[in-house]
Every structure is written in C-alpha cells, then in structure tokens.
Amino acid sequence: MAEQQPPIDKATPLGFIGLGAMGLPMCRCLAAEGYGLSVSDPAAEARRRAAAIEGVSVAGSAQDAAAASDLLFTCLPNDAVLREVYLGDQGLVAALRAGSITIDCSTVSPGVTKEIHDALAERGVRHLDAAMLGSVPQAESGEIGFVVGGPAKAFARAAPLLDIVGRFRSYAGPSGAGNRIKLIHQTLVACNAVAVAEAVALCLKSDTDLETFYDVVCNGGGFAYSRYFEKRIPRMRDGNFDPLFALDFMKKDAGLAKDLADAVGLDAPLLQGVLERFQQASAAGWGAEDFSAVAHLYEEAIGRRFGPTETA
C-alpha cells in the first residue's frame with residue numbers, strides 16, 4: 001500500500017526556482033500565508049529581492065533548494081532553460097527526494113514536460129505542469145489561473161498552494177495536458193492582439209472615432225468584446241507599452257502553439273500569420289515591450305501613432 005502523505009501545512013518545506021516577474025510575487029503570496037521557502041535564481045538582483053521577504057531563504061543553488069523541499073515550484077522562461085534546470089549536469093533530478101512534488105509554472109512544449117515527468121517519475125517524484133493564465137498584475141494580487149497536467153493525486157495535494165497564489169485551477173489530465181491547453185489558449189490571445197491592432201489602425205486610417213468604437217465594443221453587447229480589448233486599448237491610447245507580458249514571450253508561446261499544430265498535422269494559416277507579425281515586431285526591437293506592442297507595426301503602416309502625438 002502506498003504511504004499516505006501528510007496534508008500541506010505551514011510546516012511543509014517549499015521551494016521556488018525562478019524569481020522573475022511572475023515567480024517573485026508568487027513567493028511573496030506564499031510567504032505572506034506563513035509558508036517558509038527555499039529559493040534560487042541565477043540573477044543576483046532577484047535573489048536580493050527574495051531575501052528581503054520574511055520567511056524566504058536563498059539557497060546556495062537550485063539543487064540545494066530542491067533538496068530542502070517537499071513541494072518545489074519552478075517558473076522558467078523556455079524549453080531549453082527548463083530542460084537544463086531539471087535534467088542538466090547540475091539538474092534537479094539528482095537532488096529531489098522520492099515522494100516530493102514539482103510544480104512547473106512555465107509555458108513550454110508538452111514534449112519537454114513529458115520528458116521531465118518521466119525522468120522524475122523514475123526517482124519517485126511527481127511532476128505537474130501548472131501553466132499560468134494571467135500576467136504580472138495577477139501574480140502580484142494572487143489571482144493567477146492555473147491549468148494543470150500530471151498525476152491527479154499530486155494535483156490534489158498541491159491544490160491548497162495553488163489556491164494561495166491563484167484564483168482558478170483546472171485539472172486537465174496527464175502530463176503535458178496543462179501545457180497543451182495553455183498553448184491553444186495563447187493562439188486566441190495572440191490572434192486577438194493582432195486583430196485589435198489592425199482594427200484600431202483601420203479606425204484611425206479611416207478617420208473613425210476610436211472612443212466611440214471602444215464604447216460600442218465594450219458596451220454594445222456584440223461579439224467583438226474581449227478583456228484584452230477593454231484593458232489594452234486605454235494603455236495604447238496613452239502610449240503605454242510597458243510590459244505586463246513581454247512581446248518576446250508571446251512570440252515564444254505562439255511559436256510553441258504552431259509547433260503543436262504542426263505535430264498533429266493541423267494546417268493553421270491564421271496562427272502562422274499572427275506568429276509572423278510577432279516575429280516582425282520582435283525583429284524591429286519591440287520584444288521587451290508589452291505584447292500589445294505588435295501595434296507598432298500598424299502605426300508604421302498608417303504613419304500615425306495610436307497614442308498621444310508629440311507636439312513642438
């Protein structure tokens with residue numbers, strides 16, 4: 001009979017690797033609820049900020065953080081980094097103890113997730129892909145959405161922690177299922193961003209009042225409404241493209257979604273065109289701005305800014 005594990009409580013040792021724009025606020029949320037965390041990040045500034053949080057200790061290495069944890073969160077930027085952190089020469093696979101759970105919040109390819117899941121399973125470690133829905137404001141307020149793949153019992157054990165850092169969680173099925181839903185979700189987000197930019201450009205180029213258009217879309221009851229439209233149009237009109245979710249991250253996500261479509265033999269011409277728009281915007285130097293900065297391509301096309309026009 002499998003050994004029964006104790007429920008999660010404040011004495012459960014937690015770890016967190018990846019203290020970026022999303023990871024660090026999640027650590028704050030967990031620490032604010034009284035959980036102790038051992039954390040790691042390659043960036044000195046990220047480690048300094050984490051060390052200032054009561055209840056958080058900075059480990060000497062990612063392996064040290066893993067060895068000290070019963071449940072370990074990771075929040076990393078891409079496939080290559082994730083694979084190296086888990087399976088590289090100094091990877092977590094050698095440090096995690098049997099019975100522990102890893103909760104990966106990265107948006108990565110399902111294939112890499114399954115590779116990591118299988119390697120950890122051989123050592124008695126259960127791996128969850130807990131892809132996040134939301135961006136920096138949701139991470140800071142503890143309102144991230146999670147779509148989770150992996151062992152169902154591990155999901156049930158980790159759920160109380162996901163409820164601290166998020167407002168929504170959905171179990172999607174076996175390893176990689178969470179990543180697949182996240183990538184399919186991102187096809188809609190990326191397409192919406194390009195469609196909104198194109199619609200705004202058409203408004204401005206045809207001398208159609210943008211404020212009236214905004215009111216009609218948000219309040220008229222038609223199907224054009226989206227939360228992206230409602231939240232990002234005011235920022236664009238203010239000329240604000242400060243990153244809540246960087247354009248280069250959306251380019252990465254759209255690329256992974258296209259890879260998924262290719263892998264299953266789906267022709268996805270709309271996604272291909274949207275991906276190309278993000279690739280063009282990134283190549284033009286806007287990758288570190290918010291992903292709404294894909295609108296700059298349309299500003300150049302119409303010779304007019306979406307935001308305030310500078311006057312002499």
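State, as an integer percentage, the relative contact order of the chain based on alpha-carbon contacts under 8 Å between residues 6 or more apart.
Values: 554 pairs, mean separation 40.1, N = 312.
Relative contact order of the chain: 13 percent.
If the limit is 32 Å between Cα atoms, which of Lys153/Lys182; Lys205/Lys231; Lys10/Lys251; Lys10/Lys182; Lys10/Lys114 go over it?
Working: Lys153/Lys182 21 Å; Lys205/Lys231 22 Å; Lys10/Lys251 38 Å; Lys10/Lys182 30 Å; Lys10/Lys114 30 Å.
Over 32 Å Cα-Cα: Lys10/Lys251.
Based on the Cβ-Cβ distance from Ala43 to Arg97, what FRET efficiency comes out when R0 is 25 Å, to the nearest 0.05? Could you put the intermediate results ahead of the total?
On the way: r = 27 Å, r/R0 = 1.07.
Computed FRET efficiency for Ala43 and Arg97: 0.40.
May I ask you to compute the full-extension gain from Glu33 to Asp64, defined as 0.36 nm times their residue separation minus their alpha-carbon distance, rounded to one decimal in nm? Walk me through the numbers on the way to the answer.
On the way: separation 31, 0.36 × 31 = 11.16 nm, distance 2.31 nm.
Fully extending the segment from Glu33 to Asp64 adds 8.8 nm.
For a label point 7 angstrom out from the Cα of Ala268 toward its Cβ, which stretches of segment 159-190 have the backbone nitrogen within less than 14 Å?
179-190
Under a crude label model (7 Å from the Cα following the beta-carbon direction), how far is Cys218 from Ala51 in nanometres?
Distance between the two pseudo-spin positions: 4.4 nm.
What FRET efficiency comes out for Ala284 versus Leu87 if R0 is 35 angstrom and r is the Cβ-Cβ distance? Round to the nearest 0.05. Working shown, then result.
Working: r = 35 Å, r/R0 = 1.00.
That gives a FRET efficiency of 0.50.
Running a GNM on the chain with Cα contacts under 10 Å, which residue among Ile233, Ile302, Ile103 ends up with the highest mean-square fluctuation?
Ile302
Which far-off residues, 5 or more places away or on another chain, put their amide H under 5 Å from the one on Phe16, with H placed in the peptide plane?
Here the answer is Ser38, Val39, Ser40, Phe73, since their amide H atoms fall under 5 Å of that of Phe16.
Show me the helices of the chain, taken as full DSSP H stretches, that run 30 Å or more along their long axis by Cα and average 0.0 or above in Kyte-Doolittle hydropathy.
Working: long enough: 177-205 (42 Å, 0.97).
Passing helices, by number: 177-205.
Top mean-square fluctuation among Val108, Val216, Val93, Gaussian network model of the chain, C-alpha springs under 10 Å?
Of the options given, Val216 has the highest mean-square fluctuation.
Pick from Ala119, Ala224, Ala172: which residue has the top mean-square fluctuation in a GNM of the chain where Cα pairs under 10 Å get a spring?
Ranking Ala119, Ala224, Ala172 by mean-square fluctuation puts Ala224 first.
With charges set only on the Cβ (+1 for Lys and Arg, -1 for Asp and Glu), what does the dipole of segment 181-302 come to about its Cα centre, in debye to the nearest 20?
Numbers: 11 positive and 18 negative charges, 64 e Å.
Approximately 300 debye in magnitude.
Helix-only mean residue ellipticity at 222 nm, the chain, DSSP H runs n ≥ 4 weighted -39,500 (n - 2.57), per residue, nearest 500. What is it?
On the way: 13 runs with 153 residues, N = 312.
-15000 deg cm²/dmol, from helical runs alone.
With each pseudo-label sitting 7 Å past Cα toward Cβ, what's the Asp209-Ile184 distance in nm, one decimal?
About 4.2 nm, to one decimal.
Take the alpha carbon atoms of segment 120-170, find their center, do the same for segment 8-39, and report the distance between the two centers in whole angstrom.
Value for the Cα centre distance between the two parts: 13 Å.
Every number in this text was worked out from the coordinates using simple rules, so none of it is lab data. Every value quoted in this text rests on a predicted model; they were computed, and no experiment measured them. Backbone-built Cβ (ideal geometry, glycine too); neighbour counts: all protein chains shown.
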